[in-house]
Amino acid sequence: MDRKWWKEAVVYQIYPRSFMDSNGDGVGDLQGVILKLDYLRELGIDVIWLSPINKSPNDDNGYDISDYRDIMDEFGTMQDFDELLHEAHLRGIKIMLDLVVNHSSDEHPWFIEAKKSKDNTYRDYYMWHPGKEDGSEPNNWGSRFGGSAWEYDENSGEYYLHIYSKKQPDLNWENPALRGEVYDLMTFWLDKGVDGFRMDVINMLSKAEGLPDGKVREGFKYGDGVPLYCDGPKIHDYLQEMNREVLSKYDIMTVGETLGVNVEQAKLYTGADRNELNMVFHFEHVFLGDGKLGKWSPGPWKLTELKTIMSRWQYGLREDGWNSLYWSNHDQPRAVSRFGNDSPEYRTISAKMLATCLHMLQGTPYIYQGEEIGMTNVRFDKLSDYRDIQTVNAYRDFVGGEQLSHPEMMESIYQRSRDNGRTPVQWSAGSNAGFTEGTPWIGVHENHKEINVERDRKDPDSIYHYYRKLIQLRKEHGIIVYGTYDILMEENEQIYAFTRTLEEEQLVVICNFSEQLPVFEFPRHIQFSSKQLLISNYTVDTNDEIATITLRPYEARVYRLV
Ligand code: GLC
Ligand code: CA
């Protein structure tokens with residue numbers, strides 16, 4: 001297996017709006033990130049992925065960019081960015097930017113021009129189409145933020161496509177001039193010294209030929225465009241061209257956000273000879289339990305389902321390609337609430353168990369801000385406390401359309417709203433959790449009195465120090481990066497256990513995902529002359545017999561065998 005720095009790295013995702021506010025306006029900013037760089041160095045991470053920092057009217061918190069070469073006013077200036085990059089590099093931390101080029105903001109000068117007339121030079125930077133014969137939308141695709149994916153433009157009598165909000169018009173990748181602009185802006189940032197890109201919904205660049213209607217699923221008004229706008233016919237041409245024109249010229253890291261992708265497709269995006277991307281984010285595990293209305297009707301899921309998904313990816317990309325590993329991000333609920341147990345009794349122990357499991361799988365692990373102290377989902381009383389456009393629109397559609405009652409929808413929001421991941425990082429027990437001296441743009445979680453960075457750093461037994469140790473282990477043991485994965489006890493509904501193997505060395509990873517006390521049977525086929533407990537979330541007597549282990553609730557252990 002090829003050694004690469006981005007395989008060995010641990011990435012920490014910052015959602016700048018909610019990370020740290022340096023000037024009291026209630027919005028996190030770049031100077032706020034600079035203030036916390038020493039904290040991140042101490043945690044031990046190698047790379048920061050910054051969610052979008054470009055100029056934006058913030059219809060979707062920066063995922064709607066109006067100037068790709070400038071910084072969002074609320075986040076600071078280009079000088080602040082240069083300082084951040086410099087200060088991060090001084091500490092050995094790399095910076096990966098979010099590249100949002102499936103769509104721009106409707107306030108981008110390209111779109112403002114494009115709207116002027118059908119023969120404007122920028123018209124073909126976007127996807128304009130006349131309506132059907134009866135004047136209705138060109139096809140039945142629904143927007144991912146509710147309503148139709150098409151917006152009518154009076155002026156020209158045509159529609160433009162927006163897979164997300166109508167303030168996020170899709171860029172037309174068929175147009176070589178547009179592609180050239182994107183490569184130029186990427187080069188602009190790379191020449192500044194940034195270390196890579198996380199590419200927003202990058203598998204949506206190429207849409208199906210002729211833009212056919214999607215299937216209308218039960219409970220929905222619009223057609224499902226996902227199979228038609230994801231992994232389209234020209235996507236690999238575009239990414240190979242991007243690689244040739246830009247990526248291949250730098251020693252950087254790339255990760256594509258790829259909605260709906262499966263392992264076979266992921267091989268095409270990440271295969272070593274494909275010259276496209278280093279790795280992709282798939283969604284299979286975060287879709288677990290989704291019901292008829294997707295995440296807005298969440299149901300139960302089984303550990304065996306999670307194991308099947310993780311294993312499929314571990315085996316699938318074992319020989320070629322590379323995995324990214326994540327439990328949460330700015331679009332997902334908090335890891336411990338989603339996959340662990342956020343009750344006071346089990347929050348700490350289950351957060352450590354989840355971290356063990358993820359960091360011991362093969363791939364590059366991503367930590368989402370606040371995960372390292374076990375931040376949890378939030379329950380705001382009123383819909384008006386929610387800021388996320390997706391949440392607010394879904395409430396309007398599903399409660400308005402009488403598919404869900406108000407209490408049902410609020411329960412779904414508590415489980416799955418993107419705002420769960422967007423409440424401010426809890427730095428201290430102080431006012432506004434030490435995030436801001438002003439009024440935060442979104443409510444601070446009331447549990448910041450108990451759950452905060454200051455407290456976790458002081459407590460040697462905290463989730464934070466456990467993450468530090470996991471990150472340290474990765475630096476010391478190549479097997480954590482390069483060892484091959486094999487599942488154990490596949491059918492078990494409480495225990496997720498697997499091995500990692502590198503030449504003569506082996507790791508045995510044992511994670512109890514339940515409150516119960518299941519028994520782990522040490523597999524007979526594993527031969528070893530000595531064992532070492534690398535990490536565990538409970539105290540373990542290292543002289544203990546390990547032929548059978550009765551696990552405690554959410555217990556996790558990693559043994560190294562030689
Ligand atoms: C990605 C981002 C999400 C954003 C969407 C549109 O899924 O992670 O936050 O809303 O793309 O840019
Ligand atoms: Ca600020």
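Inter-part distance, region 503-526 to region 435-466, computed on C-alpha centroids, equals 33 Å.
Take the alpha carbon atoms of region 296-361, find their center, do the same for region 137-169, and report the distance between the two centers in whole angstrom. Centre-to-centre (Cα) distance: 35 Å. If R0 is 22 Å, the Cβ-Cβ spacing of H129 and D224 corresponds to a FRET efficiency of close to 0.70.
Distance between the pseudo-spin-label points of E113 and E493 (7 Å out from Cα toward the beta carbon): 6.1 nm. The Cα atoms of region 177-233 give a gyration tensor whose axes a ≥ b ≥ c have a/c of 1.5 or more with a/b greater than b/c, which makes the shape prolate. For the chain, the share of DSSP beta bridges that are antiparallel, to the nearest 5, is 60%. In summary, the lysines within cross-link reach of K221, defined as a Cα separation below 19 angstrom excluding same-chain residues under 8 places away, comprise K132, K166, K292, K295.
Kirkwood hydrodynamic radius computed over the chain comes to 24.5 Å, based on all pairs of distinct alpha carbons.
For D461 and K267, the FRET efficiency from 1/(1 + (r/R0)^6), where r spans their Cβ atoms and R0 equals 45 Å, is about 0.65. Placing a pseudo-label 7 Å from each Cα along the Cα-to-Cβ vector at D70 and T484 gives an inter-label distance of 5.4 nm.
Note that region 374-532, at 20 °C in a medium of 1.002 mPa s, gets a Stokes-Einstein diffusion coefficient of 108 µm²/s from its Kirkwood radius over C-alpha pairs. A straight Cα-to-Cα reach below 24 Å connects K7 with the lysines K94, K192, K249, K267, K307, K352, K469, K475, residues fewer than 8 places away in its own chain not being considered. Between D38 and M78, the contour length at 0.36 nm per residue exceeds the Cα-Cα span by 12.3 nm.
Based on the alpha-carbon gyration tensor of region 310-438 and its eigenvalue square roots a ≥ b ≥ c, which shape applies: rounded if a/c is under 1.5, prolate if not and a/b is larger than b/c, or oblate? Cα axes put region 310-438 in the oblate bin.
Taking θ as phi - 60° and the Karplus parameters 6.51, -1.76 and 1.60, the scalar couplings of region 395-404 work out to 4, 4, 5, 7, 7, x, x, 6, 8, 9 Hz in sequence order, x denoting glycine and proline. If you take the Cα centroid of region 18-66 and the Cα centroid of region 250-291, the two points sit 24 Å apart.
Which of rounded, prolate, oblate describes region 439-551, given a ≥ b ≥ c as roots of the alpha-carbon gyration tensor eigenvalues and a/c under 1.5 marking rounded, otherwise prolate only if a/b is larger than b/c? The shape class here is prolate.
Laboratory data are not the source of any read-out in this text; all were calculated from the coordinates shown. The shown structure was predicted, so the numbers you read here are calculated from the model rather than taken from an experiment. Neighbour counts are summed over all protein chains in view; Cβ atoms, including those assigned to glycine, are modelled from backbone coordinates with ideal geometry.
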